[in-house]
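The values are calculated or read from the model by the stated rules, or taken from the named source; none is laboratory data. Remember, it's a predicted structure, so these values are computed and weren't measured experimentally. All Cβ positions, glycine included, derive from the backbone under ideal geometry; neighbour counts span all protein chains shown.
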Amino acid sequence: MQNKSLLRKKYLLIRKKKYFDIKPSFFNPLVKLIKKKNKKKNVFLSSFYPSSFEINTLRLFETKFINKLEILLPVINKNNMMCFYKWKKNDVLKINQFGMLEPALLSSHIIPDIMLVPLLAYDSKNNRLGYGGGFYDRYIKKYIKINKNILTIGIAFSFQRYHKIPVFNNDVKLNYILTEKGISNLK
């Protein structure tokens with residue numbers, strides 16, 4: 001079994017070499033899932049601003065359904081904790097200490113109903129290989145106790161699937177994985 005550090009390097013390179021742009025229809029299975037699973041009027045969907053050859057989550061804004069959702073983006077605070085804040089497509093962003101874009105104007109932290117989670121690799125048991133900071137794992141573990149219905153959806157290309165991700169105590173499995181081939185609930 002490869003260690004996580006080597007897997008991160010490997011999948012960053014693979015993603016860079018195999019990256020392709022997606023169409024807004026990539027998100028159609030996500031829209032169907034949201035309509036099926038979440039009956040609330042105001043649905044808070046956390047996304048991420050894409051970088052380093054991640055899936056272009058901005059394409060979600062080209063779907064009609066997006067107008068029915070409140071979009072949140074992550075912000076890393078001074079204590080190295082992640083929180084989510086409202087964001088609209090043309091709102092101002094700033095670059096954080098990790099070189100990631102995050103909302104510049106912060107209101108109050110909102111716990112998402114649905115989380116789109118970036119990843120480098122995933123396996124058939126919905127284990128996720130992230131970037132190594134543990135931000136999403138810590139957040140999910142903390143807030144799943146408050147909102148047990150948070151849906152976590154890894155966003156990836158199908159070529160990012162790995163046979164078995166090394167798992168440690170702090171790692172959190174995702175509910176679903178969305179790729180260009182559709183959405184799977186692999187648990």
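General remarks:
- Subset of segment 95-104 that is among the hydrophobic types (A, V, I, L, M, F, W, C) and assigned to a strand (DSSP E or B) - its residue that is surrounded by the most Cβ atoms within 10 Å (Cβ to Cβ): L101
- Check on A156, under 20 Å from F27 (Cα atoms) and of a type in the set (G, A, S): yes
- Qualifying residue in segment 91-103 (condition: over 16 Å from F135 (Cβ atoms) and touching a residue at least 60 places away in the same chain (Cβ under 8 Å)): no
Rundown of residues vs (1) out of contact with any His (no Cβ under 9 Å at 6 or more places or on another chain); (2) of a type in the set (F, W, Y); (3) at pLDDT below 90, yes/no style:
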site	(1), (2), (3)
Y136	yes, yes, no
N149	yes, no, yes
G154	yes, no, no
K164	yes, no, no
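- Test: residue in segment 41-48 that is surrounded by fewer than 17 Cβ atoms within 10 Å (Cβ to Cβ), of a type in the set (G, A, S) and modelled with pLDDT of 90 or more: no
- Segment 54-79, subset free of Cβ contacts under 8 Å to residues at least 12 places away in the same chain and more than 14 Å from V31 (Cβ to Cβ), residue surrounded by the most Cβ atoms within 10 Å (Cβ to Cβ): N77
- Criterion violated by S5 - all others in (1) loosely packed, with under 12 Cβ neighbours inside 10 Å; (2) of a type in the set (S, T, N, Q); (3) free of Cβ contacts under 8 Å to residues at least 40 places away in the same chain satisfied: (3)
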